[in-house]
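Below is one structure, written out as structure tokens; the observations come after it.
Nothing in this text is a laboratory measurement; each read-out follows from the coordinates by a stated rule. Everything numeric in this text was worked out from a predicted model, so none of it was measured. Note that each Cβ is placed from the backbone with ideal geometry, even for glycine, and that neighbours are counted across all protein chains shown.
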Amino acid sequence: MKEDDDATLVRRCREGDRAAFEQLVVRYQKPVFNAALRLLHDPEDARDVAQTTFLKAFEHLGDYDPSFKFYSWIYRIAVNESLNALGARKPHEGFDGDEADEAPGPDRQLEGEQMGRAIEEALMHIKPELRTVIVLRHFMHLSYQDMGQVLLLPEKTVKSRLYSARQLLRDHLLQLGTI
Amino acid sequence: MADSRHLSLIHAEIDGELDGQQRGELARSVLADPELRVLREDFQRLCAALEKLEDVEPPPELRESILGALPQSTAGPAWSWWSRPRLRYAAVIVALLTGAVVYEVVRGPEPPTTEVAGTMAPADTRTTLDTVRLDNGVVSGRVSLYRDRRGLGLRFEVSAGTPVDVLIASDGHTLRINGVGSQDKPAQGKPGVLAVALPGFRMGGQTVDLTFLMAGRQVGSATLRTVADR
């Protein structure tokens, strides 16, 4: 149903209807912004990426293949723009357990906001391609198939990355004593 | 240490991808292996915590900044104008009109009937419906409204010190011809001839209104009627 609605809006956009594009912006600005935020961990950068994502979508709407879901296409743009923004930063070395500020005892459990911060920090300690699958799966709630469409990867590779990403997150959070 | 098979089952369980048989296999393995049970609980806690992270509202100005940054062309993206039916049809009509005008200009006036030999059909099947004479100090000569097998057309035999543009309007149709009078033939001492087909213009007793413009200013007008036998 939603895909049909998107398809209609995209068709109207292609006919030059800017109001239809505005509806797509309203519909997808939040998930696109949040995807960028989780990948970049910086609200300003996420805002810039979200804006660039929609501008690129507008410019390249003619290239969009309607046989695919629109959100897969625009999330792909958002992910690529986020990875480009990350690439422009100093390359991260990936998670290193020694970087933890503290290593509380295994029985220490963080709740609520603290847990959220710990997870966000842990996310920034894994490689961007692994962080991406976590974001798509747990924040965008995409299926393996949709993740494959976004990342242009086979489902098998998507699963492999997702399992690896969870393993690294678990290891990091265990070191912090948060799970 | 959990093997890759059991790890895959744990992740697939979290993602809701296990079938009944696999679920049973995992349950039996977890019961038999405390280490595997701890691992499963860790991943379940991790993923539950991930799911609890709430979405952040985007900045309020994001939508406006996106829309404000879009190209301002009313036609939208560069590819879109052709996909807009109205523009596409308009482009086709403009192309047809342009083609008709160019064809008539290149072809020039019809030859006199006497120059056409060896044909049984009348060489010139045009019927002149109306003619107006022009002599307003800026444009002089005459304009004829004719009908032939292709429809209505205008024949300009005018002189102008400076070429003028002509707006042609009839029954909701409009057409603009630029540079009328520029085909003067001074050496021959007579005005040049320009025939313009009017595709889409219909017979029906209505008038064809001409407005002569020079540098955007009206310098004359004329009205022709589509009824020949007034």
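The amide H of B:ARG142, built 1.01 Å from its N in the peptide plane, has B:LEU134, B:GLU157, B:VAL158 as neighbours under 5 Å, considering only residues 5 or more places off or on other chains.
Between B:ALA215 and B:ARG142, what is the FRET efficiency for a Förster distance of 22 Å, r being their Cβ-Cβ separation, to the nearest 0.05? Don't skip to the end; give the middle numbers.
Values: r = 23 Å, r/R0 = 1.07.
Computed FRET efficiency for B:ALA215 and B:ARG142 comes out at 0.40.
Picking from A:LEU153, A:ILE134, A:LEU169, whose Cα lies most toward the positive end of the charge dipole for the range A:105-179 (charges on Cβ: Lys, Arg +1; Asp, Glu -1)? My answer, from the dipole projection, is A:LEU153. Residues whose amide H falls under 5 Å from that of B:ASP130, counting only those 5 or more places apart or on a different chain, are B:LEU145, with hydrogens built in the peptide plane.
Give the relative contact order (percent, whole number) for the range A:105-179; include only Cα pairs under 8 Å separated by 6+ residues. Can you show the working numbers first?
Numbers: 57 pairs, mean separation 35.5, N = 75.
Over the range A:105-179, the number comes to 47 percent.
Here the label points at B:MET203 and A:GLN145, each 7 Å from Cα along the C-beta direction, are separated by 6.3 nm in the simple model.
Ordering B:THR127, A:THR52 from the fewest to the most neighbouring beta carbons within 10 Å gives B:THR127, A:THR52. Spin-label model, A:LYS56/A:PHE68: points 7 Å from Cα along the beta carbon direction are separated by 1.2 nm. Across peptide A:36-45, the mean count of Cβ atoms from other chains lying within 10 Å of each residue's own Cβ comes to 1.
Counted by neighbouring Cβ atoms within 10 Å, the residues B:SER221, B:SER29, B:SER4 run from fewest to most as B:SER4, B:SER221, B:SER29.
For B:ALA69 and A:ARG11, a Förster radius of 22 Å and the Cβ-Cβ distance give a FRET efficiency of 0.45, rounded to the nearest 0.05.
Placing R0 at 51 angstrom, the Cβ-Cβ distance between B:THR131 and A:ALA19 gives a FRET efficiency of 0.50 after rounding to 0.05. Averaged over the residues of A:51-58, the number of partner chain Cβ atoms lying within 10 Å of the residue Cβ comes to 4.
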